Structure formats: structure tokens, C-alpha cells
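Take a look at the structure set out below.
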Amino acid sequence: MSARVWRPPKLIVNPWVRYGLLFMVAVYLVCSLTPELVPLVSLNIDWTRAGQGLPRAADMFSRMFPPDFSRWELLYKGVRESVQMALAASFFGMLLSIPLGLIAARNLVPLPVYLFGRALLGISRTFHEVIIAIFFVKIFGFGPLAGVLTLVVASMSFIGKMLAEDIENMPPGQLEAIKATGASFPKILLYAVQPQMLPRYLGVSIYRLDANIRHSTVVGIVGAGGVGQVLAASFSRYDYDFSLAILITIVVLVFVGEFFSNWVRARLR
Amino acid sequence: MLSITDLVKVYPSGERALGGVNLHIDQPQVVAVIGSSGAGKSTLIRCINRLVEPTSGRVLLKDTDVTTLSRRALRRARRRMGMIFQEYNLVERLTVMENVLSGRLGYVSSWQAYRRKYPPKDISRAFELLKRVGLDGYHNTRADALSGGQRQRVGIARALMQQPDLLLVDEPTASLDPKTARQIMRLLCELAHEQGTPAVVNIHDVHLAQGFADRIVGLADGVIAFDGAADELTPAVLNDIYGEEDWSKTIQKTPADQGKGKNRGTLERESAAG
Amino acid sequence: MTPEDHARKYPDVWKRFTPKETLVRYAWFIGIVFVAIWSLKRLEIPWFYFLDAHEQAADLVTRMVPPYWEFFTDITGPLIETIHIATLGTVITLLFALPIAFLAARNTTPNAATWFVGRFILVTSRSVNTVVWGLIFVAIFGPGPMAGIWSIAARSIGFVGKLIAESIEEIDRGTAEAIEATGASRLQVLMVGVIPQVLPVIYGTVVYRWDINIRESTVLGFVGAGGIGIILYSSINQFAWQEVSVMLIAVFGIVLISELVSATVRKRIT
């Protein structure tokens with residue numbers, strides 16, 4: 001009688017699939033990382049240039065220290081612009097998200113309106129903020145307006161999606177009861193939807209304000225204003241000590257924003 | 001007052017919930033609709049105010065044919081029909097007063113509704129109703145802080161706030177414990193009689209139906225299998241409605257002992273406890 | 001009872017809010033509107049741009065159609081590169097995020113100093129956007145996919161690490177204790193008592209982040225860190241809108257597919 005063998009259970013039970021996957025991962029890594037091994041698939045990595053990365057990084061870090069806060073006025077202006085962009089964008093995003101959220105809730109509107117609302121949500125969520133920003137920069141020129149509009153679009157679709165999902169998850173009875181009193185659509189919104197949605201809506205909006213502060217630092221890189229624009233400029237001029245000062249400021253700003261958002265949300269019931 | 005003729009409802013799934021229902025109520029009385037789950041009780045009540053769109057047939061409320069109304073006229077008709085639900089369906093984050101006043105939504109503008117500005121006579125009527133259902137002093141309590149029995153009392157006040165010509169009541173006691181269920185049923189029937197409003201009450205508890213209703217309608221597979229007074233209910237009739245079962249323990253010997261509206265003192269005490 | 005009697009018996013005035021509550025509510029409203037207006041004013045937004053914005057946008061759309069479909073053959077390479085950047089960046093993330101998560105979780109970190117280091121890495125990584133990381137890594141590795149891969153990893157480590165650390169803190173203490181009681185070493189406790197419990201979270205988070213990274217890697221090219229973004233940026237700057245529309249459709253496609261793949265995989269492992 002042979003001894004029974006015990007092996008720990010695996011996530012993927014079939015050994016062929018398991019080792020097949022491992023093998024494929026290995027093949028993928030080799031193919032993609034070796035230049036010109038397989039046309040189209042191989043990455044165009046210049047390994048000699050990448051090999052210089054470590055000394056270059058060391059050089060960069062040595063030029064970063066100590067961080068240079070002497071141009072604090074420029075930095076302050078950028079940070080203020082970022083925060084203002086975030087505030088304005090959150091405000092208008094909050095307003096615009098309401099109609100968007102309502103038309104994307106299946107239990108409130110007829111099917112064609114719903115599909116239109118969902119399509120709007122889907123398209124605006126697929127494209128990265130920076131792509132949207134670059135379009136606004138093309139239409140409105142460089143500056144904070146393009147940044148604000150980008151963040152408005154992003155906030156609108158984010159809050160709108162949450163709102164739509166919340167409304168769809170509402171217990172149907174409350175809507176039915178208000179409808180049965182003979183109330184019209186706006187009154188149903190006022191008496192059944194609004195009171196039930198308000199706390200979550202405010203919570204998500206505050207979270208979005210915090211997210212907008214984070215994102216406002218990046219839309220500037222394509223010229224849409226804010227501290228990101230200052231950062232991109234400092235990098236292109238190799239002012240690495242100033243760059244580090246900006247980065248530290250961004251980290252602090254994001255930290256404060258997150259803290260504020262958590263504090264407010266803990267107070268919302 | 002209410003006249004239902006050949007009412008049919010076939011759901012998109014092909015399920016035939018109502019197969020030609022005829023029901024006429026011509027005096028202020030409480031009509032209990034009994035029947036097993038899926039017999040079409042809930043569909044019947046929702047076809048009357050068109051929360052469910054009937055497939056064919058006519059529903060006459062006084063002289064209005066509800067089934068042919070435009071959306072606007074339907075809203076006008078709905079405010080003449082008060083509805084009470086099994087799960088109370090209060091808006092949980094609104095106060096008791098706001099929930100009760102929502103019964104007047106059909107009569108105020110959206111702006112007034114938003115500002116919570118209701119005519120003084122509505123507000124005084126709301127206070128009166130709250131006292132009547134035993135919730136004196138609860139007007140600023142939020143609905144999610146109430147017990148089940150209290151919520152159903154608010155639900156009753158909201159429906160009566162409409163000063164309806166008809167009460168539609170869907171399983172008012174199914175989510176309540178037996179004692180609260182009796183209290184609610186008693187309150188409901190008393191108020192219906194007091195206000196002279198006919199009521200259609202879906203109820204699966206035969207005992208309660210017999211104890212409180214003036215008239216009983218038995219629904220089986222979407223058609224009416226019985227229509228008569230409470231004391232005409234016999235085991236044979238229940239067999240028709242629900243199928244074979246030993247009914248001797250269910251049927252009440254003296255249906256009149258529940259005192260419809262005569263024992264106010266008991267009610268006040270019981271409702272204060274609810 | 002006359003209406004007057006009735007009114008005497010039951011009050012006919014009711015206010016939802018006390019005067020003080022009303023005041024506070026209005027103060028909030030006015031405060032929010034004031035902040036919004038203040039922020040817009042200081043930004044000095046040229047509002048007259050809005051006058052012809054709809055014409056500009058319509059003009060843009062007409063220039064974008066019909067898409068220049070032949071261009072698709074030119075962008076297959078960059079599209080694949082975009083997916084590579086996201087995938088390889090996520091692989092590197094997995095290698096780094098796990099040990100950092102163990103440092104940042106209170107119940108597995110050796111001491112307070114290591115916990116602080118772990119948390120510090122996670123916070124820094126999350127605070128800096130992928131594109132900003134892109135600027136840094138382009139300066140280090142020069143333009144190209146290498147910089148893109150590292151910037152994806154740098155940003156994702158914080159995201160994945162934070163979620164793994166949280167799930168480690170929530171694991172069943174008993175299991176790890178039982179392993180410890182057998183006399184196992186610290187590493188053995190991690191391998192046997194902790195990792196199996198958080199494995200589903202690790203896989204789920206990594207797949208989820210991969211799908212976000214696909215989206216992120218479409219724009220890394222704007223700062224020179226490889227992928228479709230480089231061509232997209234240059235086409236936009238040359239006003240080659242018919243090429244741009246092809247690329248937008250392609251980006252839409254791969255983002256949609258990656259979302260689908262990630263959702264299916266996550267459904268199967270949890």
C-alpha cells in the first residue's frame with residue numbers, strides 16, 4: 001500500500017491550466033521585454049538608456065535636495081488655483097450630477113431616457129481626465145477654465161453614477177406610496193427621492209471634492225492651470241529642487257484634503 | 001361608489017393575475033379581500049389606482065372611469081383614493097408630520113411642497129388625525145424611529161389626510177405582531193366608518209377579516225369565488241377559496257363580538273401602548 | 001365644531017425647522033454659494049469664451065468625422081505598448097506591494113518604525129498622480145515605455161498596498177496565533193497563517209488596478225512615458241482630428257474590454 005500524498009489545495013485546480021498560465025506569463029515577460037524579438041509585441045525598451053537610470057536617478061535626487069521653497073509665491077499661486085479649481089468644479093459637478101443621476105435611474109425614467117443617461121455616464125467615465133482636459137484646452141485655450149471644466153465633467157459623471165445606483169437601490173414602496181397620493185413627478189422627487197438620497201449624495205460629493213484636489217494637480221500638466229502646470233514647467237527646466245518642493249506641497253495638500261473629507265463625512269448622518 | 005367590471009390583468013410574463021373581476025361597492029363599508037398568496041389580491045388593489053396598469057375592464061370611482069384617464073387626470077383621481085401598505089412605505093428620513101402632510105401633495109404646488117408650506121386647515125387636520133390614531137406629540141419624530149405599529153398608524157393618517165372617497169389597503173397587518181395587528185385593524189375599520197369612506201382591505205388572515213369587515217370577498221386564481229357577509233363564511237366557502245383544509249378551528253362562532261367602534265375607551269388605551 | 005373651535009383645539013401652524021435650524025441651513029447654503037463664486041472669481045475665467053463654445057465644439061466634431069480608418073494600422077503598435085505598460089506595471093506593483101503591505105499592517109509589522117515607513121511609502125505613492133510619476137520617471141529613464149511601466153507601478157503600489165494592508169488587519173487573529181503556537185518562525189506564520197487568508201483580496205485588487213491602469217496608461221504618453229498617448233498628443237497638436245477620432249475610438253474599445261475582463265475575472269475568484 002503506497003503512502004497517501006497530501007498537497008495543499010490550489011486556487012486553480014487543473015494542473016494543466018495552472019502551469020499553462022505560469023508558462024504563458026513567462027513567455028509574455030520574455031517576449032515583451034526583449035526588444036525586437038517578436039514584431040509588434042516586443043516593447044521598444046532601450047536597455048542601455050534604461051541602464052543609466054540608476055545613476056541618473058541618483059543625480060536627480062542629489063539635485064532635488066534640499067527642496068527649494070524660495071519661490072513660494074509661485075507655488076502658493078498654483079496651489080490656490082488648484083484648490084479653487086477643485087472647489088468650483090465640485091460645486092458645478094454636484095449641481096449637474098443631479099439631472100444626470102435622475103435620468104440614469106431605471107426606476108424613475110422611461111427606457112430610452114435611461115439608456116441615454118447611461119451612455120453619457122459611460123462615455124465620460126471611459127476617457128481619462130487628461131484626455132478630456134486636452135480637448136478643453138484646445139477649445140478654451142490654456143488656463144484654469146479648461147481645468148475646471150475637465151473636473152466638472154469628471155465630478156458630474158462620478159457623483160451622477162453613485163446617485164443613479166442609489167436611486168435604483170431605493171425600496172420601491174416609498175416611491176409607490178407617494179405616487180399613490182396623486183403626486184406629480186417633481187413632488188415624488190422632493191418627498192421620496194430627495195430625503196432618502198441626501199446624506200449619501202453629500203458624502204459622495206465631499207469625497208469627490210477631495211478627489212478633485214488630487215486630480216487638479218494633474219490636469220495642469222497639459223496646460224489646464226493649477227499647481228500641475230507649475231510642476232510641469234519646473235521639470236522641463238530641470239529645476240528639480242523646486243520640483244521636490246512642489247511635490248512635497250502636493251502630498252501635504254492631498255493629505256489635508258483627505259483628512260478634511262473624512263472629518264466631514266464622519267459628521268454626516 | 002366603486003364599480004369594477006370585467007377587470008383583467010395579464011402580466012408581460014403571461015401570468016394571468018386577474019381573470020375578469022366584478023365588484024361593486026355602493027355604501028360605506030369595509031370589504032375584506034381574502035385569498036391565498038398569488039390569488040391576485042395585490043394586483044386587484046393596484047389596478048384600482050393604476051399603480052398596475054389593467055389589461056382590460058373598467059374601474060368606476062363615482063362617475064370617473066379610472067382606466068381611461070390621462071396621466072394628469074389619473075393623478076387627480078389618485079388623490080381621491082388613499083392607500084395603505086403592508087410595509088407602511090413611509091419615507092423614513094422625513095418626520096411623521098411630513099409623512100402625514102404628503103397625503104396633501106396633490107393639492108399644493110411643488111414649491112409649497114418643497115417649502116413645507118401647507119394651508120392652515122391641512123395642518124390642523126393633520127394634528128387631529130395624529131391624535132386620533134394615537135400619535136399625539138409624535139409630529140416631529142422621524143419615521144425611522146417608530147415601531148411597526150406606529151408606522152402603520154402614520155400610514156393610516158397619511159391616507160386619511162387625502163380625505164379620500166375610497167381607501168385601498170394592502171395587507172395592513174401582515175408585518176405586525178398579532179396584538180398590534182388587531183389594534184390596527186380595529187382603528188382602520190373605525191376610521192373608515194367614522195369618515196364614511198368605503199375601504200377595500202387585502203388580508204390573508206381570515207380570522208381578522210371575519211372579525212372586523214362588513215363584507216368579505218374571496219379571490220381564487222384571479223376570479224371572485226365568494227362575495228357575502230362575514231358570517232356567511234363556511235368551511236365549504238373556504239375550500240372554494242383556498243383549497244381543501246380543516247377549517248373548523250378558523251371560523252369564528254360569534255363574529256359580532258369585536259365591537260366596531262363601540263368601545264372607544266379600550267382603543268385609546270391600546271393605541272397608546274402601540 | 002366650527003373651524004375656529006377646531007383651530008383652537010388643534011394648532012394650524014407647523015414648521016419643519018426651528019428658527020435657529022432655518023438660520024443654520026441658510027448659512028450653509030449661502031456659505032457654499034459664496035465659496036463657489038469666490039473660487040470662480042479668483043480664477044479669472046474669461047467667460048466670453050463660452051459665447052462661441054458650442055460652435056467650437058460642433059466645429060471640432062465635424063472635423064473629427066469621418067475617422068481616418070487607415071490610421072488604425074499605424075496605432076496597433078502603440079496600442080499594444082499601452083496594454084504592456086499597464087500589465088508590466090501591475091506585475092511590478094504586485095512584487096512591491098506585498099512586502100510593503102506587511103510593513104504597513106499593524107498586526108504584521110515588526111515595530112513602530114517599520115510601520116511608519118510602510119505607511120509613508122503608501123501615502124506618498126497614492127498622493128502623487130500617475131502622470132506626475134511619469135514626469136519623474138521620464139527624467140530618470142528617458143522617454144519611452146520603461147518610464148511608463150515604473151510610473152504605473154509607483155502609483156499602484158499605494159493603491160494595492162493600502163487595500164492589502166487593510167485586509168491583513170482584518171484577518172482572523174486566531175489562525176495566525178495557532179500557527180505561531182506550533183513554534184513557527186515569523187516568515188512561516190506569514191506564509192501559512194496570513195497569505196492564504198488575504199490571497200483572494202490580493203488577486204482581486206491587482207486585477208481591479210490593472211483595469212484602472214489601462215486607462216491611466218493611455219495618457220502617459222502626454223509626458224513622453226510611452227503608449228498611445230504620444231501619438232494622440234502629437235495628432236491633437238497638429239490638429240489632425242480625423243486621426244484623433246480613430247484613437248479615441250480605439251481607447252474607448254480597450255478600456256471597455258479591460259473593464260469587462262477585470263469584472264469577469266473578479267467575479268470568478270471571489
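No lab work stands behind these numbers, since they all come straight from the coordinates. Everything numeric here is computed off the predicted structure, so don't read it as measured data. Glycine gets a Cβ as well: all are built from the backbone with ideal geometry, and neighbour counts include every protein chain shown.
At least 1 residues that are at the interface with chain A (Cβ under 8 Å from one of its Cβ atoms) and surrounded by fewer than 18 Cβ atoms within 10 Å (Cβ to Cβ) in each: list the helices (runs of 4 or more DSSP H) lying fully within the stretch B:29-121 that qualify.
Where helices (runs of 4 or more DSSP H) fall fully within the stretch B:29-121 and carry at least 1 residues being at the interface with chain A (Cβ under 8 Å from one of its Cβ atoms) and surrounded by fewer than 18 Cβ atoms within 10 Å (Cβ to Cβ), they are B:71-78, B:110-115.
Residue A:78 fails exactly one of the following numbered conditions: (1) within 14 Å of chain C (Cβ to nearest Cβ); (2) more than 16 Å from the chain's Cα centre (by Cα); (3) without any contact (Cβ under 8 Å) to a residue 40 or more places away in the chain. What is the number of that condition?
Going through (1) within 14 Å of chain C (Cβ to nearest Cβ); (2) more than 16 Å from the chain's Cα centre (by Cα); (3) without any contact (Cβ under 8 Å) to a residue 40 or more places away in the chain one by one, residue A:78 breaks only (3).
Need the failing condition index for residue B:157 against (1) in contact with a strand residue (DSSP E or B) (Cβ under 6 Å, 6 or more places away or on another chain); (2) assigned to a helix (DSSP H, G or I), just the number.
Going through the list (1) in contact with a strand residue (DSSP E or B) (Cβ under 6 Å, 6 or more places away or on another chain); (2) assigned to a helix (DSSP H, G or I), residue B:157 breaks only (1).
Does residue B:149 meet the test of being more than 23 Å from residue C:11 (Cβ to Cβ), touching a residue at least 40 places away in the same chain (Cβ under 8 Å), away from chain A (no Cβ under 14 Å) and in contact with a Gly (Cβ under 8 Å, 6 or more places away or on another chain)?
Numbers: more than 23 Å from residue C:11 (Cβ to Cβ): yes; touching a residue at least 40 places away in the same chain (Cβ under 8 Å): yes; away from chain A (no Cβ under 14 Å): yes; in contact with a Gly (Cβ under 8 Å, 6 or more places away or on another chain): yes.
Against the criterion (more than 23 Å from residue C:11 (Cβ to Cβ), touching a residue at least 40 places away in the same chain (Cβ under 8 Å), away from chain A (no Cβ under 14 Å) and in contact with a Gly (Cβ under 8 Å, 6 or more places away or on another chain)), residue B:149 qualifies.
With (1) in contact with a Phe, Trp or Tyr (Cβ under 9 Å, 6 or more places away or on another chain); (2) in contact (Cβ under 8 Å) with a residue 12 or more places away in the chain; (3) of a type outside the set (Phe, Trp, Tyr) as the list, and residue A:196 as the residue in question, which single condition is left unmet?
(1)
I'd like to know if the stretch C:168-177 contains one or more residues that are of a type outside the set (Gly, Ala, Ser) and under 30 Å from residue A:242 (Cα atoms).
In the first step, residues of the stretch C:168-177 are kept if they are of a type outside the set (Gly, Ala, Ser); the result is C:168-173, C:175, C:177.
Going one step further and asking which of them are under 30 Å from residue A:242 (Cα atoms), we end up with none.
The answer is no; no qualifying residue exists.
Out of all the residues in the stretch C:77-93, is one or more out of contact with any His (no Cβ under 7 Å at 6 or more places or on another chain), within 8 Å of chain A (Cβ to nearest Cβ), surrounded by 21 or more Cβ atoms within 10 Å (Cβ to Cβ) and not in a helix (DSSP H, G or I)?
no
Can you pull out every residue in the stretch C:113-155 that is within 7 Å of another protein chain (Cβ to nearest Cβ), part of a helix (DSSP H, G or I) and over 24 Å from residue C:102 (Cβ atoms)?
Across the stretch C:113-155, the qualifying residues are C:131, C:132, C:135, C:139, C:140, C:141, C:145, C:146.
Report whether or not residue A:161 is of a type in the set (D, E, K, R), surrounded by 20 or more Cβ atoms within 10 Å (Cβ to Cβ), within 11 Å of another protein chain (Cβ to nearest Cβ) and in a helix (DSSP H, G or I).
Values: of a type in the set (D, E, K, R): yes; surrounded by 20 or more Cβ atoms within 10 Å (Cβ to Cβ): yes; within 11 Å of another protein chain (Cβ to nearest Cβ): no; in a helix (DSSP H, G or I): yes.
For residue A:161, the condition - of a type in the set (D, E, K, R), surrounded by 20 or more Cβ atoms within 10 Å (Cβ to Cβ), within 11 Å of another protein chain (Cβ to nearest Cβ) and in a helix (DSSP H, G or I) - is not met.
Hey, among the residues in the stretch C:104-132 that are of a type in the set (A, V, I, L, M) and buried (at least 22 other Cβ atoms within 10 Å of the Cβ), which one's nearest to residue C:213 (Cα to Cα)?
The residue in question is C:131.
Please verify whether residue C:193 is crowded, with 19+ Cβ neighbours inside 10 Å, within 14 Å of chain A (Cβ to nearest Cβ) and over 21 Å from residue A:232 (Cα atoms), treating the condition exactly as stated.
So residue C:193 fits the description; yes.
Determine whether residue C:176 is away from chain A (no Cβ under 14 Å), of a type in the set (Gly, Ala, Ser), part of a helix (DSSP H, G or I) and over 18 Å from the mean Cα position of the chain (by Cα).
yes
For (1) touching a residue at least 12 places away in the same chain (Cβ under 8 Å); (2) under 19 Å from the mean Cα position of the chain (by Cα), each residue gets a yes or a no:
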position	(1), (2)
A:56	no, no
A:71	yes, no
A:105	yes, no
A:126	no, yes
A:129	yes, yes
A:144	yes, yes
A:148	yes, yes
